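These notes concern the structure reproduced below.
Nothing in this text is a laboratory measurement; each read-out follows from the coordinates by a stated rule. Only a predicted model underlies this, so the values are computations on that prediction, with no experimental measurement involved. For neighbour counting, all protein chains shown are included, and Cβ atoms are generated from backbone atoms with ideal geometry for every residue, glycine included.
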Amino acid sequence: MRSSRTLADSALTALAPAVWGSTYLVTTELLPEGRPLLASLLRALPAGLILVIIGRTLPKGIWWWRALVLGVLNIGAFFYLLFVAAYHLPGGVAALVMSIQPMIVLLLGTVLLKEKIKPVHLVSCALGAAGVALLVLQPNAGLNTTGVVAGLLGALSMASGIVLTKRWGRPEGVGLLPFTGWQLTVGGLVLLPVALIGEGLPGEITGKNLLGFAYLGIIGALVAYAIWFRGVARLPALAVSFLSFASPLAATLLGYFVLDQSLSPIQIVGALTVVASVVLAQPRKGTSRPEPEPERDSAGKTTRESVQA
């Protein structure tokens, strides 16, 4: 029973990065050219404000700065770097560069979560890296220095956000949607002045642009991030991080089916290798299910600590 619940949690959580894999297609086909800051802002802020209004709950005490940190890492910095990578690299390549994230989570988890590195974790990372190499290192991969650097920094930002979200949990009495709304709102507010100064407002917004922004805001942010943070709370940090490989796989498949991009036999082997690494990294029958993150009050103490105090 426990194993089936874990499998269901993993499958549902994987939907979020699969949706994010479509970001690259939407960026190149529907959004204004060369405006990653605007795209990041309109993806985060409207969805965040909607969730905050629905939840009618604001951070308290220590959670003001924690929400700021998580909002920047998970949303603000990550979104911007994601779109920079998307504008400078082919969709599948951009997603795959950022798939180094599980390896960063593995290292951060040993320090911040006191998790032990197991042989299966190392094998999963090795398989993931091999799959990424087979998918990316093609003669016409279209690698660009700016895009690659942005992708790597984006992976670091998201990995840090995952580990800190797992370490801090959620404050007592705060539901998943308000918690998601805090981060989307903070990330959007951080991006707002940067976008206005760096890019300004576009001279024209077409109906196609509005469709792209609506998709990214509603499906790609509001829905996908609620699913993602649910998974972070229920699954081990490393297992969640490996599910992010659904993003490059989705981007590669969309490029193949929608944009008529080629998919070589080597890339197919790479995709299968990546899938194997994801499956291997997930909790299996016979392993203990991670304890839910403790609820924390406004001072950052767990409920048990508050009672003892």
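Structure notes:
- Relative contact order (%) - criterion: Cα under 8 Å, at least six apart; region: the chain: 39 percent
- Note on the chain: with a GNM built from Cα contacts shorter than 10 Å, the maximum mean-square fluctuation among Ile50, Ile268, Ile104 falls on Ile268.
- Top of Gly76, Gly200, Gly217 by mean-square fluctuation, Gaussian network on the chain, Cα under 10 Å: Gly200
- Distance between modelled label sites at Val120 and Trp65, nm, 7 Å Cα→Cβ extension: 3.8 nm
- Its DSSP H runs of at least 4 residues, each contributing -39,500 (n - 2.57), put the calculated 222 nm mean residue ellipticity of the chain at -22000 deg cm²/dmol, to the nearest 500.
- Considering only Ala276, Ala246, Ala77, the mean-square fluctuation computed in a Gaussian network model of the chain, springs between alpha carbons under 10 angstrom, is largest for Ala276.
- Once the Cα gyration tensor of the stretch 135-246 is diagonalised, semi-axes √(5λ) in Å: 27, 23, 15
- Rounded to the nearest whole Hz, the Karplus-based 3J(HN,Hα) values (6.51 cos²θ - 1.76 cosθ + 1.60, θ = phi - 60°) of the stretch 186-192 follow the sequence 4, x, x, 5, 5, 6, 4, with x at glycine and proline.
- Cut-off 15 Å (backbone N to label point 7 Å along Cα→Cβ of Glu204), residues of the stretch 26-40: 31-33
- Each Cα pair under 8 Å and six or more residues apart adds its separation to the average, and for the stretch 4-134 the resulting relative contact order is 29 percent.
- Distance between the stretch 169-229 and the stretch 243-264 - C-alpha centres, whole angstrom: 24 Å
- Taking every lysine pair in the chain that is 8 or more places apart or spans two chains, those with Cα atoms closer than 29 Å amount to 13.
- Between Val279 and Arg167, the modelled label-to-label distance comes to 3.4 nm, taking each label 7 Å out from Cα in the direction of the beta carbon.
- Per-residue ³J(HN,Hα) for the stretch 211-217, Karplus 6.51 cos²θ - 1.76 cosθ + 1.60, θ = phi - 60°, Hz, x for Gly and Pro: 4, x, 5, 5, 4, 5, x
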